[in-house]
């Protein structure tokens, strides 16, 4: 009896040991897998939450950042040359000048639901944009006469007339799945306002061809994109880079303020803060051994604009005098603390092919005294007078008083509108400095910070202003915006021509540039447009802030630097865990 009990006890203990051992092994495997999974997840900090995942409604940066990893275009920019290269397409478009058509061949690819990506999806996207006149995209497609699909992997676009932006913007449009959106369209057509219905559609699980697909979105907390196992680029070498993605997914955490996001990256809660680091944080982050900073040029424009529809800034001489007084180097060294580049043209210098380096440069390298004297010389030569001139007969500077226009009337005080300091301290401070520089000349200038939305309303809608300081943080790499900003027909309420500039010669060249398909010929026209604008100065380009981005060291390798920073599609496709 005792022997039997002893044997049973040993058997029970043996079984218990085996079960416990197996459980421990499973636990170790689970922990190991969890750690591996966590190591392969990229954690990104966002300042704000995406407003929508409806690609046609998305206009805010946060939505576009996320959607850029889900929806893909036919062509993307090479990080090395900035030229458009095939992406969903497999080769460059073939032009038929007689038919005025372009033929595009497509790569074999699948949507994130596993179904085949075909030419029908491309044609559907274009026709959909035209039928419903989708804002933000219609201008890129309205000149397409028809779209043919000879086979599953061939698309043929027929143009009504030559349009340069077909190659740079139309072919860079994100493509949507016909299967998903045809159902949405049918429902929208039955409503009183189909476009409103389409734009209000809430996309819970958008189907795309990108490297990632939406897995989970907890509003106010995080958004999780999982690796798309059907991504066409996996294993392909494009632009000299082998594509993955080699990470399992991306978790976007929402912080609301830069302070919170900077603290999170210092603690290691995130691997990157997907936003430019303001100069006040940079020295502190530099001191951290766990932080790597990347500095790149941006395709951006921060500028001073004038209302040239009315006095006093309908006089180009006054605008040139203001351009002469402005010390851009002071703005960059003192206000931007060195993290910026001087802008000489409306096109940023980083956009090398289109940038024209020989535009007029107002008092480049001048000191303060030289600037005042040169501006005084411009205005005096144009017939302006002073009760007390800013330059005495013996050439010494004095405080100018009561400047009078060529008709003898005192120049009335004018206001320079800027965003408030809590929105953009750089632009607000630049406005204050301009006020002081202009007063040295006796010009009664006043800087006035205004809530950003109210400022836009005042400038674009009411068009009741003297001057303003605004900026474009993400200019297209196609400089067609130069035409939109200054062509006279856009001088209208809510129009892009906010200054009211009107120059028939510029209009002619601008329209010609839009219809010129030859890249070299078009560049010559774009260069001439830059020269005209910098001669007439309806806008004064001020600076292009450098883009400084912060990442954690020791987590991932392979960040791709390019114009616009390391937070780009290429980085997400090639990053590897360390």
Checking the structure you have, find out if any residue of region 522-534 is within 21 Å of residue 341 (Cα to Cα) and part of a strand (DSSP E or B). no
Going through (1) at pLDDT below 95; (2) surrounded by fewer than 16 Cβ atoms within 10 Å (Cβ to Cβ); (3) touching a strand residue (DSSP E or B) at 6+ places or on another chain (Cβ under 6 Å) one by one, residue 546 fails only at (2)
Based on what the data block shows, is residue 82 buried (at least 16 other Cβ atoms within 10 Å of the Cβ) and either within 22 Å of residue 166 (Cβ to Cβ) or touching a helix residue (DSSP H, G or I) at 6+ places or on another chain (Cβ under 7 Å) (or both)? yes
Which condition from (1) out of contact with any helix residue (DSSP H, G or I) (no Cβ under 6 Å at 6 or more places or on another chain); (2) crowded, with 19+ Cβ neighbours inside 10 Å; (3) part of a loop (DSSP other than H, G, I, E, B) is the one that residue 269 breaks? (2)
Among (1) in contact with a helix residue (DSSP H, G or I) (Cβ under 7 Å, 6 or more places away or on another chain); (2) in a helix (DSSP H, G or I); (3) surrounded by fewer than 19 Cβ atoms within 10 Å (Cβ to Cβ), there is one condition residue 420 misses while meeting the rest; what is its number? (2)
Just checking, which of 448, 474, 463, 439 is under 20 Å from residue 312 (Cα atoms), assigned to a loop (DSSP other than H, G, I, E, B) and out of contact with any helix residue (DSSP H, G or I) (no Cβ under 6 Å at 6 or more places or on another chain)? 463
Going by the structure shown, is residue 263 farther than 23 Å from residue 563 by Cα and part of a strand (DSSP E or B)? no
Among the candidates 166, 157, which residue alone is buried (at least 17 other Cβ atoms within 10 Å of the Cβ), outside the structural domain of residue 511 (by TED's automatic domain parsing) and in a helix (DSSP H, G or I)? 166
Kindly evaluate residue 173 against the criterion of being in contact with a strand residue (DSSP E or B) (Cβ under 8 Å, 6 or more places away or on another chain), outside the structural domain of residue 509 (by TED's automatic domain parsing) and either surrounded by 16 or more Cβ atoms within 10 Å (Cβ to Cβ) or under 24 Å from residue 120 (Cα atoms) (or both). no
Please determine whether any residue of region 395-409 is modelled with pLDDT of 95 or more, touching a helix residue (DSSP H, G or I) at 6+ places or on another chain (Cβ under 6 Å), outside the structural domain of residue 281 (by TED's automatic domain parsing) and under 30 Å from residue 377 (Cα atoms). no
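Quick one: in region 383-398, of everything that is in contact with a strand residue (DSSP E or B) (Cβ under 7 Å, 6 or more places away or on another chain) and part of a loop (DSSP other than H, G, I, E, B), which residue is surrounded by the fewest Cβ atoms within 10 Å (Cβ to Cβ)? Let's see the steps before the verdict.
Within region 383-398, the subset in contact with a strand residue (DSSP E or B) (Cβ under 7 Å, 6 or more places away or on another chain) is 384-388, 390-391, 397-398.
If we keep only those that are part of a loop (DSSP other than H, G, I, E, B) as well, we get 384, 390, 398.
Numbers: 384: 23, 390: 23, 398: 14.
Among those that are in contact with a strand residue (DSSP E or B) (Cβ under 7 Å, 6 or more places away or on another chain) and part of a loop (DSSP other than H, G, I, E, B), it is 398.
Yes or no, residue by residue, for (1) at pLDDT below 95; (2) under 27 Å from the mean Cα position of the chain (by Cα):
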| position | (1), (2) |
| --- | --- |
| 61 | yes, yes |
| 67 | no, yes |
| 87 | no, yes |
| 96 | no, no |
| 108 | no, no |
| 118 | no, no |
| 121 | no, yes |
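Would region 302-323 turn up any residue that is in a helix (DSSP H, G or I) and without any contact (Cβ under 8 Å) to a residue 24 or more places away in the chain? Break it down into steps so the answer makes sense when it comes.
First, the residues of region 302-323 that are in a helix (DSSP H, G or I): 316-323.
Those left that are additionally without any contact (Cβ under 8 Å) to a residue 24 or more places away in the chain: none.
Within region 302-323 (the criterion being in a helix (DSSP H, G or I) and without any contact (Cβ under 8 Å) to a residue 24 or more places away in the chain), the answer is no, since none of the residues qualifies.
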The condition of being assigned by TED's automatic domain parsing to the domain that holds residue 465 and more than 25 Å from residue 434 (Cβ to Cβ) holds, among 491, 497, 505, 568, only for 505
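The values are calculated or read from the model by the stated rules, or taken from the named source; none is laboratory data. As the structure is a computational prediction, the values presented were derived from the model and not from experiment. Note: ideal-geometry Cβ built from the backbone for every residue, glycine included; neighbour counts use all protein chains shown.
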